[in-house]
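First up is the structure itself, then whatever we jot down about it.
FYI, it's all coordinate maths here, none of it is from the lab. Computed from a predicted structure; not experimentally measured. Every residue, glycine among them, receives a Cβ derived from its backbone with ideal geometry; neighbour counts consider all protein chains shown.
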Protein chains: 2
Amino acid sequence: MNTYADTVPPVLGEGRRACRFCSLHEFCWPLGLDPELLRRVRAIVRRSESLPAGSIVFRVGDQFTAIYAVRTGCIKSSSVDAGGHELVHGFHLRGELFGFDAVYPDQHRCNAQVLETTSLCVVPFIEIDRLGAELQTLHARIRRVMSREFTRQRMCGAGYGAKQRVAAFLINIYTRLHRPNSTDYQFRLPMSREDIASYLSITAETLSRQLAGLHKMKLIRVDRRNIRLVDPARLGLVAQGAS
Amino acid sequence: MNTYADTVPPVLGEGRRACRFCSLHEFCWPLGLDPELLRRVRAIVRRSESLPAGSIVFRVGDQFTAIYAVRTGCIKSSSVDAGGHELVHGFHLRGELFGFDAVYPDQHRCNAQVLETTSLCVVPFIEIDRLGAELQTLHARIRRVMSREFTRQRMCGAGYGAKQRVAAFLINIYTRLHRPNSTDYQFRLPMSREDIASYLSITAETLSRQLAGLHKMKLIRVDRRNIRLVDPARLGLVAQGAS
DNA sequence: CGGATGCTTGAAGCTGCTCAAGTGAAGTGG
DNA sequence: CCACTTCACTTGAGCAGCTTCAAGCATCCG
């Protein structure tokens with residue numbers, strides 16, 4: 001497996017439909033922006049070919065070169081603790097950004113791995129700094145996304161009790177996976193039970209039991225990685241700590 | 001209790017010794033920077049009077065106006081969950097920044113409260129945006145601090161087991177409270193047991209027992225809120241999961 | 001001094017972890 | 001096409017650790 005940043009050529013001019021859901025959408029489509037600037041901005045962002053599951057985007061210690069946006073698929077970011085166990089920091093779904101972890105010490109402090117077949121947009125940070133002042137908008141946008149991630153993090157690991165955390169996780173993933181006004185409560189988890197468990201700081205066994213429990217309560221329907229929220233309202237109550 | 005942003009006048013020209021430890025130090029003291037720019041930059045940052053314990057800096061829902069740096073003292077950021085229980089998000093010690101949580105939706109999503117008598121620097125975000133291009137450095141600096149906070153968050157709540165988390169917490173606070181080359185392993189916790197417990201997602205009782213346990217293992221010395229790391233090396237091992 | 005607050009300690013119960021076996025789907029090779 | 005393997009997940013039983021509830025102690029402040 002090669003580190004991604006080395007190998008990917010810029011692939012421009014593909015269909016841009018996926019962009020509608022991207023966190024950088026307002027940036028890439030700054031309606032009514034100076035066309036010349038827009039051209040330069042678009043020239044910066046590279047688009048990856050399709051990355052198969054298991055690919056590594058970057059590893060701990062890799063130098064910071066870019067911020068990434070997920071066009072399709074799912075990325076897992078994780079690190080390995082002193083005992084050799086993997087600690088999952090988070091998952092990045094369609095339209096979300098990742099790679100901030102290296103903004104400060106200029107080196108990545110987690111590994112980013114492809115879970116499902118994934119394609120990315122790559123935003124080289126150095127070139128952005130070079131354009132400098134003209135790209136205030138992008139920087140402001142990135143600040144916002146960082147801020148949002150910031151609060152989101154704390155929400156999942158937080159709640160007391162395994163059931164609460166699992167419920168919160170399912171709702172979290174659902175809202176990030178679906179378009180705003182969808183009434184389709186089915187989705188497929190891109191990640192393994194182990195990964196979810198690590199993320200929630202519980203064991204895979206406990207996770208399995210809690211999923212079964214929520215199933216028996218008729219709040220969700222579980223079939224392997226396919227999930228259906230049967231009663232999202234009550235599931236939300238559980239997520240907020242109602243027994 | 002008034003919201004802080006309303007009431008505080010700019011207090012300039014105080015002694016700037018505390019600044020040496022500030023996250024924004026490189027920004028406020030950009031050695032060899034254009035004096036004119038430096039003057040304008042300094043004019044932006046306001047310094048608060050002394051805030052007594054219990055003061056509220058901002059509340060959930062308050063509009064985003066500024067980012068804050070702790071000159072002396074300690075700030076707790078927290079929110080209240082659906083069940084009415086306080087959830088502590090983090091603590092901010094001397095030299096650290098807080099208030100990022102509102103960068104995105106333009107409203108604060110947690111409460112910030114003074115734990116010890118505290119004085120702050122206030123960095124009004126709007127004025128910074130106004131100066132715009134000239135302040136790239138500040139924006140870059142703020143990005144970095146956000147990034148660092150980002151990873152730091154995940155570290156404490158992470159480890160398995162209460163003892164591990166408590167040990168990690170003590171080391172964390174110690175390193176943030178002391179100057180780099182200090183050999184003085186004593187410090188005073190600015191926050192209550194309840195707050196620490198909430199932050200670590202354990203109960204205050206468990207925390208108390210774990211502190212007593214670490215004391216009996218002769219790794220630390222506990223006297224009310226005064227802590228002394230007797231064997232920092234072994235404490236570090238515990239923090240990393242060595243039973 | 002008396003009350004309040006914040007912290008510690010004790011005993012009982014439950015949640016979640018560990019270890020171990022079992023299931024079922026997908027892929028492999030004959 | 002069917003045994004065989006593998007991998008991911010589920011399920012069960014016993015145990016440890018954390019929580020809960022309750023009482024006991026210091027320290028601070030009037």
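Counting from the shortest, the label point at A:ALA212, 7 Å from Cα toward Cβ, is 3.7 nm from the same position in each remaining copy. For A:GLN107, nonlocal amide neighbours, meaning residues 5 or more places apart or on other chains whose placed amide H falls under 5 Å from its own, are A:PHE64. In a fully extended conformation the segment linking B:ALA140 and B:ARG176 would gain 10.8 nm over its present Cα-Cα distance, using 0.36 nm per residue. With θ taken as phi - 60° and the Karplus curve 6.51 cos²θ - 1.76 cosθ + 1.60 applied, the whole-hertz 3J(HN,Hα) list for region A:112-121 is 10, 10, 6, 9, 10, 3, 9, 10, 10, 10 Hz, x standing for glycine and proline. With its label point put 7 Å out from Cα toward Cβ, B:GLU49 sits 6.7 nm from the same residue's point in the other copies, in order from shortest. With r as the distance between the Cβ atoms of A:THR183 and B:GLU127 and R0 = 41 Å, compute the FRET efficiency 1/(1 + (r/R0)^6) and round to 0.05. For R0 = 41 Å, the calculated efficiency reads 0.35.
Under a 5 Å amide H cut-off, with hydrogens placed 1.01 Å from N, B:CYS74 pairs with B:LEU115, B:GLU116 among residues at least 5 apart or on other chains. Once C-alpha pairs closer than 8 Å and six or more residues apart are averaged by separation and normalised to the residue number of region A:63-121, the relative contact order reads 50 percent. Electrostatic bookkeeping for B:MET217 treats Lys and Arg as +1 and Asp and Glu as -1; over the other residues with beta carbon under 10 Å from its beta carbon, the sum is +3.
On full extension, the segment bounded by B:SER50 and B:GLU116 gains 22.7 nm, given 0.36 nm per residue less the C-alpha separation. Listed values for region A:84-91 are Karplus-derived 3J(HN,Hα) couplings in whole Hz (6.51 cos²θ - 1.76 cosθ + 1.60, θ = phi - 60°), namely x, 8, 6, 10, 7, 7, x, 10, and x replaces Gly and Pro.
Inter-label distance, B:TYR160 to B:SER208: 2.8 nm, where each label sits 7 Å from its Cα along the C-beta direction. Computed from backbone phi with θ = phi - 60° and the Karplus coefficients 6.51, -1.76 and 1.60, the 3J(HN,Hα) list for region A:214-230 is 5, 5, 5, 6, 6, 8, 9, 10, 10, 9, 6, 8, 8, 10, 9, 7, 7 Hz; x is used for glycine and proline. Here B:LYS163 is the anchor, and the lysines within straight C-alpha reach of less than 26 Å, apart from those fewer than 8 places off in the same chain, are A:LYS163, B:LYS76, B:LYS216, B:LYS218. Here is how far apart the A:ASP184 label points are across copies: 6.3 nm, shortest first, using a point 7 Å from Cα toward Cβ.
Amide H contacts under 5 Å for A:GLY161: none, restricted to partners 5 or more places along the chain or on a different chain, H placed in the peptide plane at 1.01 Å from N. Using a cut-off of 15 Å between beta-carbons, work out the net charge of the residues near B:ARG228 (Lys and Arg +1, Asp and Glu -1, B:ARG228 not included). Within the 15 Å Cβ shell, the charges total +4. For the pair A:LYS218 and A:GLN63, the difference between a 0.36 nm per residue extended length and the Cα-Cα distance amounts to 51.1 nm.
Extending each Cα 7 Å along its Cβ direction at A:ALA43 and A:ALA242, get the distance between those two points in nm, one decimal. Taking the two extended label points, one gets 5.6 nm.
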